[in-house]
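Working notes for the structure below.
The values are calculated or read from the model by the stated rules, or taken from the named source; none is laboratory data. These numbers were taken from a predicted model, which means no experiment stands behind them. Ideal geometry is used to build each Cβ from the backbone, glycine not excepted, and the neighbour counts take in all protein chains shown.
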Amino acid sequence: MKFVAKLQPRFSTSINRRSALGLGLILGSSVFQKRASSQSAQRDDAFVPLPSYQSLLEMIRQRGHSFRVIGAAPDLSPLVLVKAGGSKKPSIVISGGAHATEHAGVVAAVELIDRLKTDHEVWIVPSRDPIGLSGFRHALSLGLGESPNITNVEEAEQLMREKGEVLVDRDDLLIVRIGEYGYANRGLYRKIDKGAKILDALRGRRIYFPSRTDDLPGAGPLERAYTLIVTLDGEVLHLNRFHDTLWAPAEVQAIRKVLADVQPGLTFDLHEHERGGFFWMSARRQRTEQDEIWERRMAHAAIAAVAAGGAELAADAYSPGDFFERLERGVYWLDPSKRGEGLNFADFASAKYGPSFTIESGMKGPFEQRVRQHLTVVQTAVSIFEERFA
Ligand SMILES: [Zn+2]
């Protein structure tokens with residue numbers, strides 16, 4: 001997308017650390033207004049990845065939307081909430097980007113601000129991890145105090161050894177601490193035992209690791225950083241946990257507050273998986289029979305619409321994990337009590353508010369197609385939701 005590429009050099013990562021106020025001043029410039037008018041004519045362009053969190057905020061403003069600041073990430077990037085839809089209750093909450101590598105969900109969340117047609121009030125938090133969205137160089141800059149001049153993962157590893165306290169350097173796994181942050185060269189979620197000594201120095205801290213392969217459009221080498229959180233008792237979790245715990249990262253506190261304020265009747269969390277190009281989604285058992293009946297209707301219509309759009313659904317025999325129960329092809333019920341690790345966004349929303357879907361497009365598919373799958377699921381489910389409250 002041309003306009004994003006043009007804007008990128010203007011808004012370097014250093015701006016990410018400025019306050020939301022400073023950002024507002026920049027976005028109000030006349031240069032910005034001119035670009036806004038050319039963009040509206042390009043609205044039907046292909047969906048492409050966003051280079052940074054800054055460009056996401058610019059795109060939202062450029063399209064004429066204002067946002068509410070609902071918190072701040074540790075780099076002081078504003079966490080933002082955008083209003084869409086109409087004014088009818090119950091409200092709908094849509095969120096993406098808790099795992100920054102799963103970028104199609106973020107772009108879909110931004111697109112839904114304009115594209116979702118409904119009379120219901122809609123609240124969108126397009127990115128729950130601004131730091132991760134802006135990539136591994138930006139994440140490293142938080143510990144280093146400056147943006148590193150690196151072009152690939154090998155250079156990142158070399159820099160981590162040079163500048164950090166090395167905590168683990170064996171086989172393929174490198175973990176260092178730089179300042180207040182941990183950095184790894186690859187994912188370690190569910191690969192290190194809870195309470196393992198090697199992570200003692202990172203308890204209560206974050207570990208960032210880079211996207212690193214070329215086969216996941218939207219998450220190329222260094223393009224995103226994935227945020228892990230080491231709990232005080234040494235368990236490695238991530239930003240889609242902690243929804244039911246007092247000790248929660250700022251990003252989670254912010255979305256939890258949105259849910260409490262809005263009391264949504266329907267929520268969506270836009271994710272992706274790395275296991276192929278196929279599509280699936282998950283739901284949760286509901287508190288009431290009516291909620292569960294409508295949840296099944298929404299899921300059934302949504303998965304049929306995605307399939308009709310040409311998506312490859314998860315195979316009949318596929319299971320995303322042993323804490324899932326299959327409802328129909330491509331749709332699973334997730335049981336968080338079997339999984340452990342506390343509640344994620346959709347677990348929490350289901351336990352407290354009502355039907356909630358986690359959408360999982362396959363990251364090995366074409367980027368634009370993945371974005372469209374998210375749009376299809378949300379629009380289809382919302383149209384059934386409207387029937388319920390007609
Ligand atoms: Zn995810």
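Across the stretch 323-363, what is the number of residues that are in a loop (DSSP other than H, G, I, E, B) and of a type outside the set (A, V, I, L, M, F, W, C)? Here the count works out to 10. For the stretch 65-75, the condition of being surrounded by 24 or more Cβ atoms within 10 Å (Cβ to Cβ) and either over 22 Å from GLU386 (Cα atoms) or outside the structural domain of LEU259 (by TED's automatic domain parsing) (or both) holds for at least one residue. Counting only residues that are farther than 27 Å from ARG206 by Cα and of a type in the set (Gly, Ala, Ser), the stretch 84-107 holds 5 of them. Take the conditions within 28 Å of PRO51 (Cα to Cα), modelled with pLDDT of 95 or more, within 16 Å of the ligand (Cβ to nearest atom) and of a type outside the set (Gly, Ala, Ser) and apply them to GLU162. Does it pass? No.
Annotation: of all residues in the stretch 63-111 being among the charged types (D, E, K, R) and out of contact with any Asp or Glu (no Cβ under 8 Å at 6 or more places or on another chain), the one that is farthest from the ligand (Cβ to nearest atom) is ARG68. Return a yes/no flag: does the stretch 46-53 have any residue that is modelled with pLDDT of 95 or more and closer than 27 Å to VAL262 by Cα. Yes.
Taken as a whole, the structure leaves TYR226 outside the set of residues that are within 16 Å of the ligand (Cβ to nearest atom), in the same structural domain as THR151 (by TED's automatic domain parsing), surrounded by fewer than 22 Cβ atoms within 10 Å (Cβ to Cβ) and under 20 Å from the mean Cα position of the chain (by Cα). You will find that of GLU235, GLU312, the residue that is out of contact with any Asp or Glu (no Cβ under 9 Å at 6 or more places or on another chain) and either among the acidic types (Asp, Glu) or farther than 18 Å from SER95 by Cβ (or both) is GLU312 and no other. Beta carbons closer than 7 Å, at least 6 apart along the sequence or on distinct chains, pair a first residue in the stretch 265-282 that is at positive phi with a second that is within 15 Å of the ligand (Cβ to nearest atom) and not in a loop (DSSP other than H, G, I, E, B) for GLY276/GLY362.
Restricting the search to the stretch 284-303, which residues are in contact (Cβ under 8 Å) with a residue 24 or more places away in the chain, surrounded by fewer than 22 Cβ atoms within 10 Å (Cβ to Cβ) and either in contact with a His (Cβ under 6 Å, 6 or more places away or on another chain) or of a type in the set (A, V, I, L, M, F, W, C) (or both)? Of everything in the stretch 284-303, just one residue is in contact (Cβ under 8 Å) with a residue 24 or more places away in the chain, surrounded by fewer than 22 Cβ atoms within 10 Å (Cβ to Cβ) and either in contact with a His (Cβ under 6 Å, 6 or more places away or on another chain) or of a type in the set (A, V, I, L, M, F, W, C) (or both), namely ALA301.
Could you please give the count of residues in the stretch 244-273 that are within 16 Å of the ligand (Cβ to nearest atom) and closer than 21 Å to PHE389 by Cα?
To start, the set of residues in the stretch 244-273 that are within 16 Å of the ligand (Cβ to nearest atom) comprises 249, 251-252, 255, 267-273.
With closer than 21 Å to PHE389 by Cα added as a condition, the list becomes 267-268.
Result for the stretch 244-273: 2.
Residues in the stretch 348-365 that are under 30 Å from LEU246 (Cβ atoms) and polar (S, T, N, Q) were compared, and the one that is farthest from the ligand (Cβ to nearest atom) is SER350. Considering only residues in the stretch 245-292 that are more than 18 Å from the chain's Cα centre (by Cα) and charged (D, E, K, R), the one that is nearest to THR358 (Cα to Cα) turns out to be ARG284.
Quick grid of which residues meet (1) buried (at least 20 other Cβ atoms within 10 Å of the Cβ); (2) more than 30 Å from LYS88 (Cβ to Cβ); (3) among the polar types (S, T, N, Q):
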{"site": "VAL122", "(1), (2), (3)": "yes, no, no"}
{"site": "VAL125", "(1), (2), (3)": "yes, no, no"}
{"site": "THR151", "(1), (2), (3)": "no, yes, yes"}
{"site": "GLN158", "(1), (2), (3)": "no, yes, yes"}
{"site": "ASP169", "(1), (2), (3)": "no, yes, no"}
{"site": "TYR181", "(1), (2), (3)": "yes, yes, no"}
{"site": "LYS197", "(1), (2), (3)": "no, yes, no"}
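The single condition among (1) within 15 Å of the ligand (Cβ to nearest atom); (2) surrounded by fewer than 19 Cβ atoms within 10 Å (Cβ to Cβ); (3) over 29 Å from VAL236 (Cβ atoms) that GLU368 does not meet is (1). Among the residues of the stretch 229-243, those identified as buried (at least 21 other Cβ atoms within 10 Å of the Cβ), in contact (Cβ under 8 Å) with a residue 40 or more places away in the chain, within 16 Å of the ligand (Cβ to nearest atom) and not in a loop (DSSP other than H, G, I, E, B) are VAL236, HIS238.
Going by the conditions given, is SER383 more than 15 Å from the ligand (Cβ to nearest atom) and not aliphatic (A, V, I, L, M)? When the stated conditions are applied, SER383 passes them.
Could you please let me know if ARG388 is surrounded by fewer than 19 Cβ atoms within 10 Å (Cβ to Cβ) and away from the ligand (no atom under 16 Å from the Cβ)?
Numbers: surrounded by fewer than 19 Cβ atoms within 10 Å (Cβ to Cβ): yes; away from the ligand (no atom under 16 Å from the Cβ): yes.
Spelling it out, ARG388 is indeed surrounded by fewer than 19 Cβ atoms within 10 Å (Cβ to Cβ) and away from the ligand (no atom under 16 Å from the Cβ).
Residue by residue through the stretch 377-387, note down the ones that are within 17 Å of THR267 (Cβ to Cβ) and either aliphatic (A, V, I, L, M) or out of contact with any strand residue (DSSP E or B) (no Cβ under 9 Å at 6 or more places or on another chain) (or both). Hits for the stretch 377-387 are VAL377, VAL378, GLN379, THR380, ALA381, VAL382, SER383, ILE384.
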